[in-house]
Amino acid sequence: MEPIAVSVARPHALSLISGSRPDPGPGEVKLRVRRAGICGSDMHILHGSNPFARYPRIIGHEFAGEITAIGEGVSALAIGDHVVADPVVSCGHCYPCRRGRPNVCATLEVIGVHRDGGFSSEAILPAKNAVKVSRDLSFAVAALAEPLSVAANVLTATGCDAEDTVLVYGAGTVGVTVLQVARLKGARCIVVDIDEARLERAKEFGADHTIHSPSRSVPEAVKAEMDGLGPSVVIDGAGIPALLEEACRVASPAGRIGLLGFSPAPCNVSQQDIVRKELSLFGSRLNRRLIPEVVSWLESGRLDPAAMITQTFAARDARAAFDFVETHPDRLLKVQLAFDE
Ligand SMILES: [Zn+2]
Ligand SMILES: [Zn+2]
């Protein structure tokens, strides 16, 4: 069957293109993509609201497949290996790279955003961005490693362990990944959302406690946590700027706040809570080479996120998949494209 790819020629112009990708260059590998997940940021590229996207672009940054060709100088991987992509392409020598923060490399490129991605029967990527996975792991679950690495990144940045109570705003895809990783790290986890059905789902993914924010004040509901100090880690998994103000109010002394949203809107935070309680604020973008760790959790079964995959569409029905994500955000956690057939 002829290889196909999902391309965004310009904002609002999604199309299926066909044809083979070139052979991998030095240091690169070629994948036969099997599964790829649709992310909110793919929707932003489609809508022209991702400030980093360059067009035309084959999108997709959450994908897994098997290696079909290797370029010159690649020795750590072989044809037939099953891999998942790490979309963070970094230079390796600028200041953030030297500090172990390739996700904010001075010349960062994200696969599927700055360069062609994984919504494609065939994909080319640097060998160091292909993380080997066990053949026992399904491609569908392997493709969840990237969204889970976003959660792993924010919880690594904030520091999170069994002593913590983590308050997560938002029970959507991001919130549910943060919840699963926080539980894996042994933390108590409280999830806030405006939607009761999403909170029910959060319970199924291990939330210790849920708060329906339209019917209950969050600061009231969490003030007894940690012996009356409040949650020690607060994560904004909803990307709402105003939540930072409440996060500073409810966090315990020595608490940490993790931010994942990309809104340019300012918010009204006073220094007082931050200094009085010595809070730490962490921005978290993509992941800092955490996919191997996430893969180890998936392979050992410590993390079992398969239930996050709520719908799977054949890749040739990509347009229907995007329409579904657009019109039924309440009925999905992760929609995947299957390039299997
Ligand atoms: Zn994503
Ligand atoms: Zn760099």
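Below is a table of values for the structure above.
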| quantity | calculated |
| --- | --- |
| Residue list for the range 117-128, restricted to those being farther than 22 Å from residue 73 by Cα and either within 15 Å of ligand 2 (Cβ to nearest atom) or part of a strand (DSSP E or B) (or both) | 120 |
| Filter result (under 11 Å from residue 290 (Cα atoms) and either at pLDDT below 95 or surrounded by fewer than 23 Cβ atoms within 10 Å (Cβ to Cβ) (or both)) within the range 132-163 | 156 |
| Subset of the range 175-192 [touching a Leu at 6+ places or on another chain (Cβ under 9 Å), open to solvent by less than 10 Å² (accessible area, probe 1.4 Å) and not polar (S, T, N, Q)] | 176, 178, 181, 182, 187, 189, 190, 191, 192 |
| Residue in the range 35-52 that is in contact with a strand residue (DSSP E or B) (Cβ under 9 Å, 6 or more places away or on another chain) and within 16 Å of ligand 2 (Cβ to nearest atom) present | yes |
| Meets criteria (assigned by TED's automatic domain parsing to the domain that holds residue 140 and either surrounded by fewer than 16 Cβ atoms within 10 Å (Cβ to Cβ) or in contact with a Lys or Arg (Cβ under 7 Å, 6 or more places away or on another chain) (or both)) for residue 96 | no |
| Count of residues meeting criterion [among the aliphatic types (A, V, I, L, M) and either free of Cβ contacts under 8 Å to residues at least 40 places away in the same chain or open to solvent by 20 Å² or more (accessible area, probe 1.4 Å) (or both)] in the range 15-42 | 2 |
| Residue 305 open to solvent by less than 60 Å² (accessible area, probe 1.4 Å) and within 16 Å of the chain's Cα centre (by Cα) | yes |
| Entirely in the range 3-116, the strands (runs of 3 or more DSSP E) that have 2 or more residues that are within 16 Å of ligand 1 (Cβ to nearest atom) and within 30 Å of residue 326 (Cβ to Cβ) | 4-8, 28-38, 62-70, 82-85 |
| Pairs with Cβ under 7 Å, 6+ apart, first in the range 306-334 and outside the structural domain of residue 195 (by TED's automatic domain parsing), second assigned to a loop (DSSP other than H, G, I, E, B) and open to solvent by 60 Å² or more (accessible area, probe 1.4 Å) | 314/341 |
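The values are calculated or read from the model by the stated rules, or taken from the named source; none is laboratory data. Please read all numbers here as calculations on a predicted model, not as lab measurements. Using ideal geometry, Cβ is built from the backbone for each residue, glycine included, and neighbour counts are taken over all protein chains shown. Note: areas computed on protein heavy atoms with side chains; ligands, DNA, RNA excluded. Shrake-Rupley method; radii C 1.70, N 1.55, O 1.52, S 1.80 Å.
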